[in-house]
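Just so you know, all these numbers are worked out from the coordinates, no wet-lab data involved. Predicted model only: the values in this text are computed from it and were never measured. Quick reminder, even Gly has a Cβ in these numbers, built from the backbone with ideal geometry, and neighbours come from all protein chains shown.
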């Protein structure tokens, strides 16, 4: 069921006839092409099951506070909506409540902006209790700003009777208070989730195996790669935001008895700030990993722009490249390239230690990716001379599992070991 229910109970229903409009700011520039923006906007709309029956871009010389678009453009949009018999207008931009209300009045369609659309998708896809809480918090945060001059029926006053509302309290004030109270309760629940997740993360960090996090633009093929490497069956479809809830599985990496691979939510350009904040607890898993695999859809015409968007979101989480765990760029979807492009990319990948070119769909290059992961996890390793009690079987086994034991000598009830460990594993061993 859709969570995108506005206060007047008009929601977005599957099968609605939608017109998608994409504003193009004159002089805005950027890495992303207009065609790619239009295709992505259509994909986002289709991801919630609406029937996209028309799409058009409009050049904006200036943003109109009341309607975003110019008067003539609004009239053209209204005419298109009438011609296509559209019931929903999807605007690939953030709209103020006033702009949304104006467009609804002029086009006689329900209007949903980019933020609302992404929230709608997240609401449909969240499968766990934590995911649903995160989405609801983001939705309420977004909705709280929509209670200003948007729906006039909310301006009527309540009396002093009843369970809610003091004398003269308006309906809009009551609704705001309800939203604030609900957000406070959700934040409290998510704080508990964050503490529990932190305890689990601490336990994993003391365990003798590395954690590898998959990140990337939505639909870059992360879940397909996850399934290929772990023999799992995580939902992996040609859909935007096919995966929302983080999943962890064992993965085989050369030189390690065991490793953990974590699949995370896909990123998107202009990801709503409400969602970044709400999913912070989940995305903290990325910061706690030993290695990040940044999956690129290398066959996408806007692959570079998508990669830049992912890096921008990681930076907002305090994961700028220089401050985060080491990362590997995984150039995925080799199977979609022609022979010339493919050979060129394979040659470039071979020259770089932090790049692996793969096809998660066919399995090509995945074994080489495992070797690259192993090499990077072992890089920077130093030899440490360690003295332990011979009966300390747990820590001795830990060193054999996580490091390369170069020498081991018994001295009575003491054991002397020379062990090669990565900096991360040495820090873990010191915490044991």
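Starting from the coordinates of the alpha-carbon atoms of region 382-431, obtain the Kirkwood hydrodynamic radius over all distinct pairs and give the value in Å to one decimal. Intermediate values should be presented prior to the final figure.
On the way: mean 1/r = 0.0927 Å⁻¹.
Kirkwood hydrodynamic radius for region 382-431: 10.8 Å.
Taking the Cβ-Cβ separation of residue 46 and residue 257 as r and a Förster radius of 45 Å, what is the calculated FRET efficiency to the nearest 0.05? Each step should come with its number before you reach the end.
On the way: r = 44 Å, r/R0 = 0.97.
After rounding to 0.05, the efficiency reads 0.55.
With Cα atoms defining each centre, region 352-397 and region 64-120 are spaced 52 Å apart in the structure.
Take every Cα pair under 8 Å in region 346-418 that's 6+ residues apart, average their separations, divide by the length, and report that relative contact order as a whole percent. Intermediate results must be reported in sequence, preceding the final value.
On the way: 61 pairs, mean separation 16.8, N = 73.
Relative CO of region 346-418 lands at 23 percent.
For q values of 0.18, 0.23 Å⁻¹, compute log₁₀ I(q)/I(0) with the Debye formula on a Cα-only model of region 338-432, without solvent. Relative scattering, expressed as log10 I(q)/I(0), comes to -0.82, -1.10. Placing dummy labels 7 Å off each Cα toward the beta-carbon, the span from residue 354 to residue 194 is 2.9 nm. Using the average count of surrounding beta-carbon atoms within 10 Å as a protection proxy, the listed peptides 60-69, 405-414, 38-47 rank, highest first, as 38-47, 60-69, 405-414. Taking the convex hull of the alpha carbon positions in region 17-122 and averaging its projected area over all directions gives 6.1 nm².
Spacing of the modelled spin labels on residue 178 and residue 104, each 7 Å from Cα toward Cβ, amounts to 1.6 nm. Taking all Cα pairs closer than 8 Å and separated by 6 or more residues, the relative contact order of region 382-431 comes to 45 percent.
Please sort 391-402, 129-140 by packing, taking for each peptide the average over its residues of neighbouring beta carbons within 10 angstrom, highest first. Kindly include the intermediate steps, with their values, before the conclusion.
On the way: 391-402: 15.4, 129-140: 20.7.
Ranked by mean Cβ neighbours within 10 Å, highest first: 129-140, 391-402.
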